[in-house]
Each structure stands twice: as C-alpha cells, then as structure tokens.
1. Got a sec? Which of 265, 301, 287 is modelled with pLDDT of 95 or more and surrounded by 19 or more Cβ atoms within 10 Å (Cβ to Cβ)?
2. Which of (1) open to solvent by less than 70 Å² (accessible area, probe 1.4 Å); (2) within 24 Å of residue 341 (Cβ to Cβ); (3) more than 11 Å from the ligand (Cβ to nearest atom); (4) out of contact with any strand residue (DSSP E or B) (no Cβ under 9 Å at 6 or more places or on another chain) does residue 281 not meet, given it meets every other one?
3. In the stretch 206-227, how many residues are surrounded by fewer than 15 Cβ atoms within 10 Å (Cβ to Cβ) and over 23 Å from residue 372 (Cα atoms)?
4. Within the stretch 119-137, identify whether any single residue is open to solvent by 20 Å² or more (accessible area, probe 1.4 Å) and within 15 Å of the ligand (Cβ to nearest atom), and answer yes or no.
5. Residues being away from the ligand (no atom under 14 Å from the Cβ) and in a loop (DSSP other than H, G, I, E, B): count how many of those fall in the stretch 229-243.
6. Given the criterion within 30 Å of residue 119 (Cα to Cα), within 16 Å of the ligand (Cβ to nearest atom), assigned to a loop (DSSP other than H, G, I, E, B) and β-branched (Val, Ile, Thr), identify the matching residue among 303, 296, 292.
7. Go through the stretch 48-73 and give me each residue that's surrounded by fewer than 18 Cβ atoms within 10 Å (Cβ to Cβ) and part of a loop (DSSP other than H, G, I, E, B).
Amino acid sequence: MSVIPPMPDSRPPGISILARWRRFRRDIFASQPERLYRAQMAELRAPRYRSFTVVQPEVARHVLAEADAFPKSRVLARTLAPLLGRSVFVTNGPEWARGRAIIDPAFSGGRVRQMLPRMREAGERMLQGIAPGVVEVEELTARVTADVILRAMFSRPIDDALAGEVFETFRAYQRVQPLASPIDVMRLPDWLPRRRRGQREAARLRQVMARMLAARTGDEEDMIARLGALSPEALLDNAVMFLLAGHETSASALSWALLCLALDPATQDRVVAEVGTGEIPDFRQLPFTRDVWREVLRLYPPVPMLPRESAASTSLRDRPVRPGDPVILSPWHTGRSERVWDDPHAFDPDRWSRAVPSEAWFPFSAGPRICPGAGFATAEGVLFLAMIVQKWRVEPIEGDLPRPVAHLTVRSADGIRLRFTERVA
Ligand code: HEM
C-alpha cells in the first residue's frame, strides 16, 4: 500500500507576481504554482526579469548535459563565495573541470567502500545517543551526517574538540545564512546586515577548517589525503565545500526517509525483515531498502532546485532564452510530475521494481556536474536507515506532521519529531 506523505501548502493557480514574491520570501516552493506538477516548463515574466523552470525530463537533462551552455548561476556563486571560495561547487568551465579531475578519483566505488567502517562507527555513535520517546530527527541526522564526513574526510570523529568546533561553527553559519534563501537569489546588496553576519560566520568557519587542516600529521588515510594535487588554498575551499555539500543533503534525505517509514509501518516492517538482526550488510545486498531510499529521493530530493543560467541566446521548448536568463531545473517537480509518474505524490517503493521513467529522477543532478558524492551518500543513507530501524520502531506523532520548505535543501518548517520505541528481540 502506498501512503501520501506531507507536501508544501497547496497554492491557488495563477497567483500574481507580487503574491509570488511574497511567497518566495517565505520559501522557494511556496512561489511555485500547483500546476507546475502538470506542466512541461514555466516562464516567469516581469518587466526586467525572465526565468524558466523546466519540468520536462528530456529538456532538464539537456540543460544539465550542456554544462557550458547552461553554467551554474553567478548569483549562487556570489552568495556562496565567502564560504566556498573557488571550489568546484561554484566554478564553471576549465577551472571547474580541473577541480573535478582531482576530486572524482577520491570518490570511486572502491574508495567509498574503504570508508564503510568509518560510516559504521558514526552510525554506532548515533545509536548510543538515542533515548526512547520523542526524537527530533533533523537534529539526529545533522549530527551523524556531519560525523561521517568528518571521519571520512579528516579522520576525526565529531567528539574530537576541533571537529566539534567545525560542526558548531557550521551550525552557526546555517542559522544566519540559510543557503540560497530568497534574499540571495534576488540579488540584494552585500551590506544588508544578514548578509554581513553570513560573511562573518563563513570567515569563522574557514578559519576553524584551516586549523584542522594545519593539524594534520600527513599519516591519515582519508579522503583529504587523496586530494594532494590541490593547492593549499584550493584544498581549504574544497574541504569546506565537502562539509557543506555532503552533510546537509544527506541529513535531509535521512530525515524524510524516517518520516516516510514512520507513516508507512508495513514498509518499515519489510525493511526490518530485509535488514535482519546481525551486522548490516552493504547496500547492494539490501535491494528493498535501496528502493525505499530511491523513492524518498524522488519525493524529497534534498536539493529541490538546480539554478543555471543561459550562456548565450538559445531556445527551450521553442521559447527564446536570452544570455543570462535564469534556467531552473527542479528535481522536486520532475520527480513528482503528473505527466510521467503514476500516483506521483504517493510513497511507493515497489514502483522501483516495475518500469519507472528513470530520466525523470535526478536527485543527484545529471551530466558532467553530477554529484560526485552520490555513491557515498547512498552507502551512508541506506546504512543509517537500516541501523536505526533495526533497533527502533519509528512512529509519527498525532497532529505533528512536518511541512516541507525549500532553501538550498528541503527541510521541515519546524523540525521533524518522531516517536522511537525500542524493538524487543
Ligand atoms: C543524499 C545526499 C546528496 C544529494 C541528494 C546530493 C545532491 C547533489 C546535487 C543535486 C548536486 C548538484 C547541484 C547543482 O549542480 O546545482 C550536488 C553536487 C555536489 N555534491 Fe552532492 N549530494 C549528496 C551528498 C553528497 C556527498 C555525501 C558529497 C561529498 C562527500 C557531495 C558532494 C558534492 C559535490 C562536491 C558537488 C559539486 C559537484 C560539481 O559542481 O561539479 N554530495 N550534489
């Protein structure tokens, strides 16, 4: 049986530009009309502004494949520059390609498998911290996904003083600078107080990260050790990027996965049966749990929108696109498109054992800029999900259903609370 998990507020069709701007200030989804789930593409026209949101899978994949024709948006790069410098997340063209050529080998399948013991240690540490009763799962997942990045990249658990300081400083940054908030997308000036605070916290995080890099002995066998070809400056930029790209995204996916399983006890029971009672096997031996993971990423892609801009005059679906026009891909809307998916808003992991329109599933992006951490994220996500439900029954709390909101990642407007009850053998 499939269940319908929560959606953002439903919106009236055809809202005015002013109403859309007001909603946009609240969160990015709230500015999108409901009809986008049925559309192929939407064009937003204002007197001095035009943007395109692409839903049709083939067109979205074309934009992602043509990374030079549709580079990453300069607005996003400017917002993130105080934090991420010139890391691969924000650069384009040859500079980006040089960075990826160094980073990609560190994420090959074999390299990720070497990190499995560290992922298990982080998972064990997480389990020790859970007490029966109501658990705030966004807190839980934020901590364990940061822990795993710190262990895999820097050989330091989150309980280590310096690593703990990195985590706390990162949290402080997130509080003042929720990523890609509407303020950033709307090109507001740098001297706004909130922007200023964001820049201060970004500088603090980079300082702590620089101290952690300086404290390395050179004997570590971790992912940073494989990035020796980067200059010291590029290493710092990319180290901060890994923390950002690899932690908030995985935390978001794991939180929504726990919610989906809480709302669908029969599916939760099937995961528990597949996982068994012993040591959790590799995700390749957990096909059903992996389908649960895929289905969660379809319904709650942690990065709901991918901002690009057109480098030159072109057209999309026969509409003229000017140089510099924003072109937004939406894993959220394409993943729920009523034109391509059966029962698109339902949580139904079994759909993955039938024929699926897989071109409409790109939670890790696609094309040359596809997420290099996809294999890493899948390994940790399936492992942590399995570890949690093996030990704990998770249930929703009556009257306390989270409402998804979108910044750079999909979060709940007000946390996600679930009831954890210990399973008896
Ligand atoms: C469920 C977890 C994750 C999801 C859904 C996810 C998703 C994505 C997406 C959609 C992008 C492309 C963004 C864009 O082009 O606008 C991206 C880029 C990236 N991700 Fe992930 N990610 C996840 C976990 C990770 C992890 C664990 C790491 C590293 C440890 C990582 C490292 C990166 C990097 C370095 C990029 C930039 C790639 C480039 O621009 O060439 N991600 N990710």
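The values are calculated or read from the model by the stated rules, or taken from the named source; none is laboratory data. As the structure is a computational prediction, the values presented were derived from the model and not from experiment. So basically every Cβ, Gly included, is an ideal-geometry build from the backbone, and we count neighbours across all protein chains shown. Remember, those area values only see protein heavy atoms, side chains included, never the ligands or the DNA or RNA. Shrake-Rupley method; radii C 1.70, N 1.55, O 1.52, S 1.80 Å.
1. Values: 265 fails: surrounded by 19 or more Cβ atoms within 10 Å (Cβ to Cβ); 287 fails: surrounded by 19 or more Cβ atoms within 10 Å (Cβ to Cβ).
Sole residue among the options that is modelled with pLDDT of 95 or more and surrounded by 19 or more Cβ atoms within 10 Å (Cβ to Cβ): 301.
2. So the condition that residue 281 fails would be (2).
3. Number of matching residues: 8.
4. So far as the stretch 119-137 goes, no, none of its residues is open to solvent by 20 Å² or more (accessible area, probe 1.4 Å) and within 15 Å of the ligand (Cβ to nearest atom).
5. Kept after step one, since they are away from the ligand (no atom under 14 Å from the Cβ), are these residues of the stretch 229-243: 229, 231-233, 236.
Retained after the next criterion (residues that are in a loop (DSSP other than H, G, I, E, B)): 229, 231.
Selection size over the stretch 229-243: 2.
6. Details: 296 fails: assigned to a loop (DSSP other than H, G, I, E, B); 292 fails: assigned to a loop (DSSP other than H, G, I, E, B).
Of the residues listed, the single one that is within 30 Å of residue 119 (Cα to Cα), within 16 Å of the ligand (Cβ to nearest atom), assigned to a loop (DSSP other than H, G, I, E, B) and β-branched (Val, Ile, Thr) is 303.
7. Hits for the stretch 48-73 are 48, 66, 68, 69.
Table: residues versus (1) in contact with a Cys (Cβ under 9 Å, 6 or more places away or on another chain); (2) not aliphatic (A, V, I, L, M).
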{"site": "248", "(1), (2)": "no, yes"}
{"site": "252", "(1), (2)": "no, yes"}
{"site": "262", "(1), (2)": "no, no"}
{"site": "278", "(1), (2)": "no, yes"}
{"site": "300", "(1), (2)": "yes, yes"}
{"site": "306", "(1), (2)": "no, no"}
{"site": "310", "(1), (2)": "no, yes"}
{"site": "322", "(1), (2)": "no, yes"}
